[in-house]
Amino acid sequence: MKRSSLAQKIINAPYILWAALFVIAPLIMVLYYALTDSTGAFSLDSVKQIGDYGGTFILSISYGAVATLISLVIAYPFAYFLAHTKANFQRMSVMLVMLPMWMSFLIRTYSWITILGESGVINSALGKIGIGPLPLLNNGGAVILGMVYNFLPYMILPLYTIMAKMDVRLIEAAQDLGCGKLQVIRKVVFPLSVPGIASGITMVFVPCVSTFYITQKLGGGQVNLIGDVIEAQFQTANNYNLGAALSLVLMVMILICLGVLNYFTDSDDEVNGGVLV
Amino acid sequence: MTKTSKLAKLYIALIFAFLYAPMAVMTVFSFNGSASTYKMSGFSTQWYLRLFNDEVTMNALKNTIILAVVSAAIATAMGTLATIGINSMRNKRLRSGVMSVTNIPMMNPEIVTGISMMLLFVFAGTMLGRKDSLGFATILIAHVTFQLPYVILSVMPKLRQTDSRIYEAAQDLGCHPLKAFFKVVFPQILPGIVSGALMAFTLSLDDFIISYFTNGPAFQTLPIHISR
């Protein structure tokens, strides 16, 4: 026993050391910068400034929530239909859903400029029949579209995984007992798919709330979310302390959102994210 | 359950069109005769020639691949070892504590992970009296850190499925623990290790946000180069 516990310590040491240095210590640094000023002295200035960004936080959550909800509404029927197609088709489709994730996130976002721009694909097509150009780009709608487009696969995959694993006999039993189609979905499929919904929401909501690239490219400066504000503190305004304070609030806020979600769905936390494989 | 209504098929097709249309548009315009991403004027491969002759872009591509290979190799080795360690922990509270810490980079928004590491590197840099603390080493550390949970989470289920009695039997039959591990456990968890490594590699290739905050001017990856 003694020897095996020594071996275990040797096995665990590198990882625990790494996690302490590069996961825990950086978070402590965020706290440190949030509570100091540019000279390194203790100060609550940055924390006091957080209140000025309350509106930005609310706006970010709203954008994230809307994009997540739209993704869920689009992805749910897709996953349901897909889970009831032929096995070969399912395999191919899952590959096709995952493929866009291997393409650069930047290019995927950028490609929408080509489509939505003033002389883009849609507007030049509309122009031929005498409409427009419509202001499709540089507004909130374009940002939401960018979010939904970029993160839709993260919603589809967990939903599909759980629907494909669902016991068909339960659905058949409900039908035998006189359930209509909608009733089957409402009373059997939906409750069983809740863990998939929860991990889908997590995987879409978190990147949406904290994004800055999508808003900058598709929002054209019209939509300023918390990610943009934080990014600006580090890249242009050089106010690391305020940036750290805002990051800290963003982190806590998202943890609370996830906590609430987990509380209502009671999903197994070790499964989260594993569905991607 | 193979009957799928026409409406369902149409819906599936529509979603795929939505997912692939922007990429199709980009691909078409990459063969454009002019410099516009709006109007097609003739077919040409000039942009590809320009791309392959552009030293900065090619250098960024080389950096991206080097970073992805090295970081994925480190994360896979360390992550596999860590999974074995975590799995054999007897203290339940310690074990779930370590797992929670493991999940942090995955649950945290990427921007927070990126910024927290940047702050650590900048702080350590000032402590050591160096102004340009961001570079290859920092971006490598950052990539390994955000890949580790994905490796651990893909090896863990495989390791849980292995029967520890076979490992014990091998030792009873005179195998050295290390040899027993490589002969018995390793082949069984290999699929998990491979999928973890592949995932780590692709995550690194595509990463923009964390790289954006932890890269230095001396070492730019392709996503960083594209964004500029």
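The values are calculated or read from the model by the stated rules, or taken from the named source; none is laboratory data. Quick caveat: nothing in here was measured; it's all calculated off a predicted structure. Here Cβ is always computed from backbone atoms with ideal geometry, including for glycine, and neighbour counts include all displayed protein chains. The protein model used for the area step is the full one, side chains on, heavy atoms only, and it has no ligands, DNA or RNA in it. Shrake-Rupley method; radii C 1.70, N 1.55, O 1.52, S 1.80 Å.
Computed quantities for the displayed model
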| item | result |
| --- | --- |
| Contacts under 9 angstrom Cβ, first residue in the range A:218-242 being crowded, with 24+ Cβ neighbours inside 10 Å, partner modelled with pLDDT of 95 or more and among the aromatic types (Phe, Trp, Tyr), 6 or more apart | A:225/A:63 |
| Qualifying residue in the range B:182-192 (condition: under 23 Å from residue B:145 (Cα atoms) and within 11 Å of chain A (Cβ to nearest Cβ)) | yes |
| Among the residues listed as A:131, A:162, A:171, A:144, the single one being open to solvent by 50 Å² or more (accessible area, probe 1.4 Å) and either touching a helix residue (DSSP H, G or I) at 6+ places or on another chain (Cβ under 6 Å) or at pLDDT below 90 (or both) | A:131 |
| Residues located in the range A:220-243, provided they are outside any loop (DSSP other than H, G, I, E, B) and within 11 Å of another protein chain (Cβ to nearest Cβ) | A:226, A:227, A:228, A:229, A:230, A:231, A:233, A:234, A:235, A:240, A:241, A:243 |
| Residues that are more than 21 Å from residue A:256 (Cα to Cα) and assigned to a helix (DSSP H, G or I), drawn from the range A:192-219 | A:192, A:213, A:214, A:215, A:216, A:217, A:218 |
| Residue ID - farthest from residue A:252 (Cα to Cα), chosen from residues in the range B:66-112 that are among the hydroxyl-bearing types (Ser, Thr, Tyr) and either outside any helix (DSSP H, G or I) or at the interface with chain A (Cβ under 8 Å from one of its Cβ atoms) (or both) | B:88 |
| Single unsatisfied condition, residue B:226 versus (1) more than 11 Å from every other protein chain (Cβ to nearest Cβ); (2) without any contact (Cβ under 8 Å) to a residue 60 or more places away in the chain; (3) within 26 Å of residue A:99 (Cβ to Cβ) | (1) |
| Residue list for the range A:25-48, filter: among the small types (Gly, Ala, Ser) and either open to solvent by less than 30 Å² (accessible area, probe 1.4 Å) or free of Cβ contacts under 8 Å to residues at least 24 places away in the same chain (or both) | A:25, A:34, A:40, A:41, A:43, A:46 |
| Residue among B:17, B:21, B:8 that is within 11 Å of chain A (Cβ to nearest Cβ), under 21 Å from residue A:104 (Cα atoms), among the small types (Gly, Ala, Ser) and assigned to a helix (DSSP H, G or I) | B:21 |
| For residue B:218: the one exception among (1) closer than 30 Å to residue A:231 by Cα; (2) touching a Lys or Arg at 6+ places or on another chain (Cβ under 8 Å); (3) open to solvent by 30 Å² or more (accessible area, probe 1.4 Å) | (2) |
| Residue ID - modelled with the highest pLDDT, chosen from residues in the range B:161-218 that are touching a helix residue (DSSP H, G or I) at 6+ places or on another chain (Cβ under 8 Å) and of a type in the set (Asp, Glu) | B:207 |
| Subset of the range A:185-204 that is over 16 Å from residue A:73 (Cβ atoms) and over 21 Å from the mean Cα position of the chain (by Cα) - its residue that is surrounded by the fewest Cβ atoms within 10 Å (Cβ to Cβ) | A:191 |
| Subset of the range A:108-128 (residues that are under 28 Å from the mean Cα position of the chain (by Cα) and open to solvent by less than 50 Å² (accessible area, probe 1.4 Å)) | A:108, A:109, A:111, A:112, A:113, A:114, A:115, A:116, A:117, A:120 |
| Residue B:40 vs. criteria open to solvent by 70 Å² or more (accessible area, probe 1.4 Å) and either part of a helix (DSSP H, G or I) or not assigned by TED's automatic domain parsing to the domain that holds residue B:101 (or both) | yes |
| Count of residues meeting criterion [in contact with a helix residue (DSSP H, G or I) (Cβ under 7 Å, 6 or more places away or on another chain), hydrophobic (A, V, I, L, M, F, W, C) and closer than 28 Å to residue A:204 by Cβ] in the range A:32-64 | 4 |
| In the range B:117-151, the residues that are in a helix (DSSP H, G or I), at pLDDT below 95, open to solvent by less than 40 Å² (accessible area, probe 1.4 Å) and among the hydroxyl-bearing types (Ser, Thr, Tyr) | B:138 |
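Residues checked against (1) open to solvent by 60 Å² or more (accessible area, probe 1.4 Å); (2) assigned by TED's automatic domain parsing to the domain that holds residue B:146; (3) in contact with a helix residue (DSSP H, G or I) (Cβ under 6 Å, 6 or more places away or on another chain):
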site: B:44; (1), (2), (3): no, no, no
site: B:49; (1), (2), (3): yes, no, no
site: B:63; (1), (2), (3): no, yes, no
site: B:68; (1), (2), (3): no, yes, yes
